[in-house]
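Please read the structure below before turning to the comments.
The values are calculated or read from the model by the stated rules, or taken from the named source; none is laboratory data. Predicted model only: the values in this text are computed from it and were never measured. Positions of Cβ are generated from backbone atoms using ideal geometry, with glycine treated the same way; all protein chains shown enter the neighbour counts. Quick note on the areas: whole protein, heavy atoms, side chains included, nothing else; ligands and nucleic acids left out. Shrake-Rupley method; radii C 1.70, N 1.55, O 1.52, S 1.80 Å.
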Amino acid sequence: MSAFWALVRRDLRLAWREGGAISTTLGFYLVVVAILPLGLGPDLNLLARIAPGVLWVALLLSALLSVDRIFHNDHEDGALELLALGPLPLELIVVAKALAHWISTGIPLVLAAPVLALLLNLPAEAFGVLLLTMATGTPATSFLGALGAALTLGLRRGGLLLSLLILPLFVPVLIFGVSAINAVIIGPSPFLPSYLILAALTLATLALTPFAAAAALRLNLQ
Amino acid sequence: MTQTEGLFNRLANPTRFMSIAAAILPWLTGVTVILFAVGLYLTFFVAPPDYQQGETVKIMFIHVPAAWLAMMGYSLIAVSSIGSLIWRHPLADVSAKTAAPIGAVFTFLALVTGSLWGKPMWGTYWVWDARLTSVLVLLFLYLGLIALWQSIEEPSRAGRAAAILALVGFVNVPIIKFSVDWWNTLHQPASVARLDGPAIHSSILTPLLVMAAAFTCLFFVLHLKAMTTEILRRRVEALRMTQVARAAAE
């Protein structure tokens, strides 16, 4: 297990010292959320109604923008092949790198969401739910993103292809993330069922995607 | 079991597959033509117009089979993907690759006919109905698969990557369907015209089943033809490569 945590620590340290990547992702999130009212008009009631959906969609797009980094650099400088030769199974390497991506990108995005929610006039009682659902859903986006990154490793225009492959798989997370928040703001459906399904989706994703992603990595490392 | 395994292994030889396909194709094509002739006749001259929807109900005889085949095509890709990942069956790869565009076209056809049907029924070309939305997502899954095939040059690598993606997508299709149903009931309860009037009468059911059989045969005709074409294309590619290698050696 120490090799696993060493890999997580290494990835976090790299993400921290690179710096630019996280702030770019956060900047993208801010710009996408800020540009929508310019297209939709400044009606605060309308913005409050669509805020959960807008915040979730923008978060998914921002996460998508950053996931192709999960394996890219390590693939280019050969570190990934060294890792594959090491004692850690590829499945756990995927878990470690996706986990590091979630900590370094997912959590900052989740923490930025309430600030952006202010811009969209999200009702005050929804802020806690917003944080909770996003913190629950974003691990799934990181792991699905890792699968997409593994499939498109080393391809030209891999980033664009990755969006086409992975966005449809984000649909369930998006639907239940938004419906859990809407349940608190609008009702009448209760909060808990949506939230529990969201949590189940995340857990299933965490359990299954590492195997698919590791198979894709094996293919690309041959 | 041994018998099916035997068949499975015999089919693994592309040349034998080509000769079997060549033997089956004319017959299957003939059956398809006959089924379409009967199905279209039943559709236009026998099936009664609906008392509410008039003649537009006949769109159903194209729409419903196309939607079935959209699902069947993806299932076929998933089964072929298992074959190519686990047994490295050489034809499973070809089957998965060639089924994707055909399935995508049927999915597109289901969406277009559904939309054309929706205009007179719902008053608009598109409603975010649960079924329409999940078929739209299915089309996206198909497009992703085709795009992945086209992005990786080496066919065996492309095949295995696409197989992994196809299986992930196959696990996700029911989940997406379920979440879209949930989303739809949340957003627009029963605003869409429901089509479940009385149970389907046999005067409509018979043409529908004949058309479904015709479409299924059409799918397999196209699929077999596409598979043989793909095998030939790979042979040409291989011949060209050996030619280049020989020229380089001289």
TODO: Considering only residues that are free of Cβ contacts under 8 Å to residues at least 24 places away in the same chain and of a type in the set (A, V, I, L, M, F, W, C), look in segment A:15-35 and name the one that is most open to solvent (accessible area, probe 1.4 Å).
DONE: A:I35
- [ ] For segment B:140-157, name all the residues that are touching a helix residue (DSSP H, G or I) at 6+ places or on another chain (Cβ under 9 Å), without any contact (Cβ under 8 Å) to a residue 60 or more places away in the chain and surrounded by fewer than 21 Cβ atoms within 10 Å (Cβ to Cβ).
- [x] B:F140, B:L143, B:I146, B:A147, B:W149, B:Q150, B:S151, B:R157
Open item on the list: Taking the criterion of being in contact with an Asp or Glu (Cβ under 9 Å, 6 or more places away or on another chain) and outside any helix (DSSP H, G or I), would at least one residue in segment A:154-165 satisfy it?
Closed with: yes
Open item on the list: Could you go through segment A:196-210 and let me know if any residue there is assigned to a helix (DSSP H, G or I), of a type outside the set (K, R) and either touching a Cys at 6+ places or on another chain (Cβ under 9 Å) or within 18 Å of A:L55 (Cα to Cα) (or both).
Closed with: yes
- [ ] Taking B:F61 as the residue in question, decide whether it is over 11 Å from the mean Cα position of the chain (by Cα), open to solvent by less than 20 Å² (accessible area, probe 1.4 Å) and among the aromatic types (F, W, Y).
- [x] yes
- [ ] Specify the residue that is nearest to the chain's Cα centre (by Cα); the eligible residues are those in segment B:93-136 that are basic (K, R) and at pLDDT below 90.
- [x] B:R131
Task: Residue satisfying condition, being of a type outside the set (K, R) and within 12 Å of another protein chain (Cβ to nearest Cβ), within set A:A149, A:A140 - done: A:A140
Open item on the list: If a residue counts only when it is within 19 Å of A:A212 (Cβ to Cβ), at pLDDT 85 or above and aliphatic (A, V, I, L, M), which helices (runs of 4 or more DSSP H) contained entirely in segment A:18-106 have at least 2 such residues?
Closed with: A:44-67, A:79-85, A:90-101
Task: Residue selected from segment A:187-205 under the condition among the aliphatic types (A, V, I, L, M) and open to solvent by less than 40 Å² (accessible area, probe 1.4 Å), by the criterion farthest from A:L144 (Cα to Cα) - done: A:I197
Task: Subset of segment B:76-103 (residues that are in contact (Cβ under 8 Å) with a residue 12 or more places away in the chain, surrounded by fewer than 21 Cβ atoms within 10 Å (Cβ to Cβ) and within 14 Å of chain A (Cβ to nearest Cβ)) - done: B:A78, B:I82, B:L85
Open item on the list: Looking at the structure I just gave you, is A:S142 touching a residue at least 40 places away in the same chain (Cβ under 8 Å), closer than 23 Å to A:V33 by Cα, open to solvent by 10 Å² or more (accessible area, probe 1.4 Å) and of a type in the set (S, T, N, Q)?
Closed with: no
- [ ] State which residue is farthest from the other protein chains (Cβ to nearest Cβ) when the search covers only segment A:162-181 and only residues that are in contact (Cβ under 8 Å) with a residue 60 or more places away in the chain and among the hydrophobic types (A, V, I, L, M, F, W, C).
- [x] A:I181
Open item on the list: If I ask for residues that are over 12 Å from the mean Cα position of the chain (by Cα) and either surrounded by fewer than 18 Cβ atoms within 10 Å (Cβ to Cβ) or closer than 30 Å to A:R13 by Cα (or both), which ones from segment A:50-74 would you list?
Closed with: A:I50, A:G53, A:L55, A:R69, A:F71, A:H72, A:N73, A:D74
Open item on the list: Take the conditions under 19 Å from the mean Cα position of the chain (by Cα), surrounded by fewer than 18 Cβ atoms within 10 Å (Cβ to Cβ) and more than 10 Å from chain B (Cβ to nearest Cβ) and apply them to A:G159. Does it pass?
Closed with: yes
Open item on the list: Which numbered condition in (1) within 23 Å of B:I164 (Cα to Cα); (2) in contact (Cβ under 8 Å) with a residue 40 or more places away in the chain; (3) open to solvent by 30 Å² or more (accessible area, probe 1.4 Å); (4) assigned to a helix (DSSP H, G or I) is the only one that A:V184 fails?
Closed with: (1)
Task: Single unsatisfied condition, A:W102 versus (1) more than 24 Å from A:L164 (Cβ to Cβ); (2) open to solvent by 30 Å² or more (accessible area, probe 1.4 Å) - done: (1)
Task: Check on A:G154, at pLDDT below 90, within 14 Å of chain B (Cβ to nearest Cβ) and over 20 Å from the mean Cα position of the chain (by Cα) - done: yes
- [ ] Answer yes or no: is there a residue in segment A:121-142 that is outside any helix (DSSP H, G or I) and not polar (S, T, N, Q).
- [x] yes
TODO: Answer yes or no: is there a residue in segment B:147-169 that is acidic (D, E) and farther than 26 Å from B:F215 by Cα.
DONE: yes
- [ ] Would you mind telling me which numbered condition in (1) open to solvent by 20 Å² or more (accessible area, probe 1.4 Å); (2) at pLDDT below 80; (3) farther than 30 Å from B:L91 by Cβ B:R10 fails?
- [x] (3)
